[in-house]
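Student: Input: one structure, supplied below.
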Amino acid sequence: MIDKLLIAAATMIASMGIAFAQVEVNKADAAALDSVKGVGPAMSKQILDERAKGEFKDWADFQKRVKGVGDKRAAKLSSAGLVVSGKPVAGAPMVKPAAAVKPKADAKAAPAPAKM
């Protein structure tokens, strides 16, 4: 019984980590960039083309070189997990914490372990 609880907890923790992973613009491939909400194939191509000329130094450099990314869009992309040189854009809300994930209301509570 305890084994099942441990496996369930480990699975839940692992799935939360995947759901909120950050995508580094200077290292990501097209598929990883496309996985960020707000980035499509056209923007991914533009990012990769610009990155081929040199890595993005910071968000200001990214916004200057990638057409259509202003302050609002940069904040949305950052909130969705995109980072430049390991940093989110200044002033953008952080990715939702794992605590925001709510369990299903109809899920049954696990019975207490038997006392020996």
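Student: Once both labels are modelled 7 Å past Cα along the beta-carbon direction, what's the LYS72-ASP34 spacing in nm?
Tutor: 2.7 nm
Student: In addition: For region 22-93, what does the alpha-carbon gyration tensor say about shape, rounded, prolate or oblate, given a ≥ b ≥ c as the root eigenvalues, a/c under 1.5 as rounded, and a/b over b/c as prolate?
Tutor: Rounded is the answer for region 22-93, as its axis ratio a/c remains below 1.5.
Bear in mind these aren't lab numbers, they're just calculated from the coordinates by the rules spelled out. Predicted, not measured: the structure shown is a model, and the values here were computed from it. Note that each Cβ is placed from the backbone with ideal geometry, even for glycine, and that neighbours are counted across all protein chains shown.
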